[in-house]
Structure formats: C-alpha cells, structure tokens
Amino acid sequence: MPGFDKIVGHEQIKEHFRNAVQTGKVSHAYILSGEAGMGRKSLASAFALSLLCEKGMAEPCMQCHACRQALSGNHPDLIYVTHEKPASIGVDDIREQINDTIMVRPYSSYYKIYIVDEAEKMTVQAQNALLKTIEEPPSYGVILLLTTNPEGFLPTILSRCVQLKLKPLKDEVVKEYLIQSLGVEESQAEIYAAFARGNLGKAIHLADSEEFKQMYHEILHLLKHLKDTDISELLDYIRKLKDEKMDIYGCLDFMQMWYRDVLMYKTTKDINLLIFKDEFSSIKSMSTLSGYDGLERILVAIDKARVRLDAM
Ligand SMILES: [Zn+2]
C-alpha cells in the first residue's frame, strides 16, 4: 500500500486526489478504470490513506495511528468490499457491506471509505442498490469503484461518479522503472516495456515470467530461421502455438514488433529505433532480404490472425 510518491506515472490522477484531500472537496463516488496491472488499487489505496491520515496532508505520513491501521488492513473506516461468488457482485454483497453500514458514522476519521474492486462484476440489481446510496450519501461517505470496464456500469451510476481513467505509461517510464528498481538489463527492459504497452504491472510480471522467456526464445528462433517471408509457414506455426496453449496474443505481438523492427530498419537504417537491439544482425539481414511489400503483407496477416482469434 504505497503513498502517491511511490506510484509511477498517473500524474493527473494523483494531482486530482491530492487536490481533493487538501481542499476537502472530496466526491462521494469515484470510478477508477484501467487494465489490470496499471495501478488502480495502488491509487485507490493511496487516496484512502491520505484521506484517513491524521496529518491531513496531500501525501499520507505513513506513521500516524490512522496510517498504521490502514497499512495493516485494520482501519475500521476503510472497507474493502468482498464478494462470495467469484463471477459476480450481488445485491446482497452491496446491501450488507455498503448500504447497511454506511449510515454508521466513521469510528475515528472524518471519512468512511469503501473500495469495490472488480466493480464491473456488480449485477444490475447490485448497481441499483448502490445507486440509492450514491444518490444520497452521508457527508463522510466515499466510494471508490475500481474497474477494467466502466462500460459495464449503468448510465445512472456513471453520471454520479467522478470518472478517472488510467492511461498507459510511456515505454520510456516503464523501461526506466525496470532498470532502476528491478535491476533489469537495458536491452531486456526495452522489450518488456514494448510488450507491456504502458502497463507497469504487466511489465513487472513479464520480467519475472518463465513462460514469457520460453515463448521469447521459441519465436525468436522461428523468426530468425524463417528465411524468406513465408506467411503460410508463419500461420502454421501460430496454429501449433495455439494447440500448445501458449499465449497466442503475446506471440502475435512479438511477431508484429519483430517485423516492425525489420521495416523500421529498412526505412531508417537507425539501430536506436529498434526494440530488439540485441538481434540487430538478424534484423539487418532480414531487412535486406525482404521487400516492403512482403513486410507489409506479413504485418497485415498478423493483424488478420488477431481478428480471427478474437472472433473465435
Ligand atoms: Zn498518517
């Protein structure tokens, strides 16, 4: 559970929360949306911490009684809403954990904060139950809905919440974090960052994943030995990967990045623009052997493969 200062990126959202804490203009309901791994939970926790902190500063002190209680998961005014069924948050979950308790004044803080993770799993009935509370909340009530998909919410919920959307971080920021904080080698960090597409949690996961390393080596081997740009061979291989239950989307991403590198080098002759700098010699020779048309065709074929997979 970090403070804002330990969270990488998301400056606008941090600024919004810090302002709210300092001015006391705190809304009763927020939606934090973004892919898994992007940092919704960290941001929500940091906001809750700074609302509960006895110092009342924009950044939680991490030392006062309230901070320590929150950090150990024992603050009575910070409630993490749970759900029985893995696939859905039902009306009873919302009633019992939010509606029935929110009228009880906070024990020790000015605020009483509810965090609902995976809020997109709320059933329509659950959302309607929550709506009653959001429509007439007590002055101290703050509800944070965390979601990967805000489109699953009723328009009436959306219109009553402050919506904050997490944006992907710049590859450069992700790469620097991997190098500085995790000690990942620069050339590898660049590849993880490219794959993670601005999702820091995903990048951290990839840097530690044996499965990813295995996929990486297999595909690299394939791409390096695919002498001429033979699309049917490539597609056969993709089918094989699917049968072996590999992360097929990850494989397609890989191939796409690889051929983009080849195309990039063919066009610019600039090694610094490549993701796979360690494979420079393969990229270079491939860029000499392949024509623009062939490379474009491959990139299109990979896109098509992805569309077909989505449709399956
Ligand atoms: Zn504190």
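The values are calculated or read from the model by the stated rules, or taken from the named source; none is laboratory data. The structure displayed is predicted, hence computed values, not measured ones. Every residue, glycine as well, gets a Cβ built from its backbone with ideal geometry; the counts of neighbours run over all protein chains shown. The area values use the complete protein model at the heavy-atom level, side chains included, leaving out ligands, DNA and RNA. Shrake-Rupley method; radii C 1.70, N 1.55, O 1.52, S 1.80 Å.
Among the residues that make up the stretch 44-54, is at least one of them modelled with pLDDT of 95 or more and more than 16 Å from the ligand (Cβ to nearest atom)? Checking the stretch 44-54: at least one residue is modelled with pLDDT of 95 or more and more than 16 Å from the ligand (Cβ to nearest atom). The requirement of being among the acidic types (Asp, Glu) and within 16 Å of the ligand (Cβ to nearest atom) is satisfied by Asp77. Given the options Ser181, Ser159, Ser187, name the one that is modelled with pLDDT of 85 or more, in a helix (DSSP H, G or I) and in the same structural domain as Ser33 (by TED's automatic domain parsing). Of the residues listed, the single one that is modelled with pLDDT of 85 or more, in a helix (DSSP H, G or I) and in the same structural domain as Ser33 (by TED's automatic domain parsing) is Ser159. Once the stretch 82-92 is narrowed to residues that are over 24 Å from Leu49 (Cβ atoms) and without any contact (Cβ under 8 Å) to a residue 24 or more places away in the chain, the residue that is surrounded by the fewest Cβ atoms within 10 Å (Cβ to Cβ) is Pro86. Selection of the stretch 196-220 for residues being open to solvent by less than 70 Å² (accessible area, probe 1.4 Å) and modelled with pLDDT of 90 or more yields Ala196, Gly198, Asn199, Leu200, Gly201, Ala203, Ile204, Leu206, Ala207, Ser209. Contact annotation: residue pairs with Cβ atoms under 9 Å, 6 or more positions apart or on different chains, pairing a residue in the stretch 282-306 that is farther than 18 Å from Thr267 by Cα with a partner that is aromatic (Phe, Trp, Tyr) and modelled with pLDDT of 90 or more, are Ile302/Tyr259. Look at Ile79 and say whether it is touching a strand residue (DSSP E or B) at 6+ places or on another chain (Cβ under 6 Å), in contact (Cβ under 8 Å) with a residue 24 or more places away in the chain and open to solvent by 20 Å² or more (accessible area, probe 1.4 Å). Judged against the criteria, Ile79 is a match. Please determine whether any residue of the stretch 36-43 is surrounded by fewer than 19 Cβ atoms within 10 Å (Cβ to Cβ) and modelled with pLDDT under 95. So far as the stretch 36-43 goes, yes, one or more of its residues are surrounded by fewer than 19 Cβ atoms within 10 Å (Cβ to Cβ) and modelled with pLDDT under 95. Scanning the stretch 202-251 for residues that are in a helix (DSSP H, G or I) and within 20 Å of the chain's Cα centre (by Cα) yields Lys202, Ala203, Ile204, His205, Leu206, Ala207, Glu211, Phe212, Ile248, Tyr249, Gly250, Cys251. In the stretch 1-35, the qualifying residues are those that are buried (at least 20 other Cβ atoms within 10 Å of the Cβ) and β-branched (Val, Ile, Thr), and the one that is nearest to the ligand (Cβ to nearest atom) is Val21. Of the residues making up the stretch 118-150, just one is polar (S, T, N, Q), under 10 Å from Ile89 (Cα atoms), open to solvent by 30 Å² or more (accessible area, probe 1.4 Å) and in a helix (DSSP H, G or I), namely Gln125.
Looking at the stretch 238-267 only, could you name the residues that are under 22 Å from Glu186 (Cα atoms) and free of Cβ contacts under 8 Å to residues at least 12 places away in the same chain?
Met264
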